[in-house]
Amino acid sequence: MRVLGIETATTLCGVGLAGDEGFVADYRVLRGYTHAEHLPEAVDQVLKDTGFLVGDIDGIAVSIGPGSFTGLRIGLGLAKGLAWGWEKPLVAVPTMEGLVSQVPGMCARACVMLIARKGEVYQGLYKWEKDSWRLVGDYGIVQEGKIGEGFPESEILFLGEGTTCYRETIQQRVKGTRFLPPVYSIPSGYGVAERGRERLQKGEVADIDTLVPLYLKRFKGVA
């Protein structure tokens with residue numbers, strides 16, 4: 001089973017391909033919010049470079065947030081178009097899930113943080129269970145002064161762009177923090193594709209007509 005993954009929740013534009021053999025392809029470019037310009041070209045490039053045709057793809061996975069309003073809208077729009085035009089199932093993957101899935105269980109817990117607004121992060125806490133990361137509770141929006149509030153006293157691996165921005169705050173407020181090099185905090189189309197492949201195997205297919213991004217609050221403008 002091969003799944004194409006699309007990631008546009010942050011400033012990264014990513015397209016990846018995952019199969020039963022594992023990793024197949026990963027295209028990533030950090031060029032600000034220029035997803036509308038680069039995304040269709042990235043999809044074509046991944047298929048061209050891997051030598052796969054539309055008929056070789058079994059599903060489309062898309063990152064649904066939380067994240068940039070504009071980025072998510074562009075990514076979901078293209079994913080829906082491809083799923084409809086190619087007659088493939090569409091799979092929704094939370095952005096943080098796609099990101100944390102690329103990291104091994106080196107700690108009992110992992111916290112993913114993405115930039116929301118100034119002084120705020122989107123936050124998701126995960127626990128390593130049965131060789132996989134499982135979300136604990138719900139995703140939320142957290143102010144800088146409340147980062148890590150209520151976390152258990154155990155080693156926690158922090159990743160995501162919010163981790164880079166608020167590393168000093170995290171170290172002051174949370175005991176047992178662990179960090180990876182910045183490259184592990186960058187989302188990827190492959191991460192979305194791999195999680196999408198796992199969900200598709202379980203029959204977790206989204207409705208093309210009703211699927212919307214995962215927004216945690218209303219925005220007065222766009223990001």
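The values are calculated or read from the model by the stated rules, or taken from the named source; none is laboratory data. Just so it is clear, the model here is predicted, and its values are computed rather than measured. As a convention, Cβ positions derive from the backbone with ideal geometry for all residues, glycine included, and neighbour counts pool all protein chains shown.
Condition first: of a type in the set (A, V, I, L, M, F, W, C) and closer than 22 Å to G67 by Cα. Now tell me which residues in segment 137-182 satisfy that. Passing the criteria: I141, V142, I147, L157, F158, L159, C165, I170, F179, L180. The criterion of at least 1 residues that are touching a residue at least 12 places away in the same chain (Cβ under 8 Å), within 16 Å of L200 (Cβ to Cβ) and within 17 Å of the chain's Cα centre (by Cα) is met, among helices (runs of 4 or more DSSP H) falling completely within segment 18-134, by 69-86, 95-100.
For A79, the stated conditions do not hold, so it cannot be described as among the aliphatic types (A, V, I, L, M) and either touching a Gly at 6+ places or on another chain (Cβ under 8 Å) or over 16 Å from G189 (Cβ atoms) (or both). Considering I60, I64, which residue is closer than 25 Å to F23 by Cβ and in contact with a Phe, Trp or Tyr (Cβ under 9 Å, 6 or more places away or on another chain)? Going through I60, I64 in turn, just one is closer than 25 Å to F23 by Cβ and in contact with a Phe, Trp or Tyr (Cβ under 9 Å, 6 or more places away or on another chain): I60. Scanning segment 103-158 for residues that are hydrophobic (A, V, I, L, M, F, W, C), under 19 Å from P187 (Cβ atoms) and in contact with a Leu (Cβ under 6 Å, 6 or more places away or on another chain) yields A110, C111, V112, I141. Scanning segment 60-73 for residues that are modelled with pLDDT of 95 or more and within 18 Å of Y27 (Cβ to Cβ), we see that the one that is surrounded by the fewest Cβ atoms within 10 Å (Cβ to Cβ) is I60. I'd like to verify a number: residues in segment 1-55 that are of a type in the set (S, T, Y) and at pLDDT 95 or above, how many? Number satisfying all stated conditions: 3. Out of everything in segment 41-73 that is out of contact with any strand residue (DSSP E or B) (no Cβ under 6 Å at 6 or more places or on another chain) and β-branched (V, I, T), what residue ends up being nearest to R195 (Cα to Cα)? Ranking the qualifying residues of segment 41-73, first place goes to V54. The residues in segment 45-56 that are surrounded by fewer than 15 Cβ atoms within 10 Å (Cβ to Cβ) and within 11 Å of L4 (Cα to Cα) can be counted, and the count is 2.
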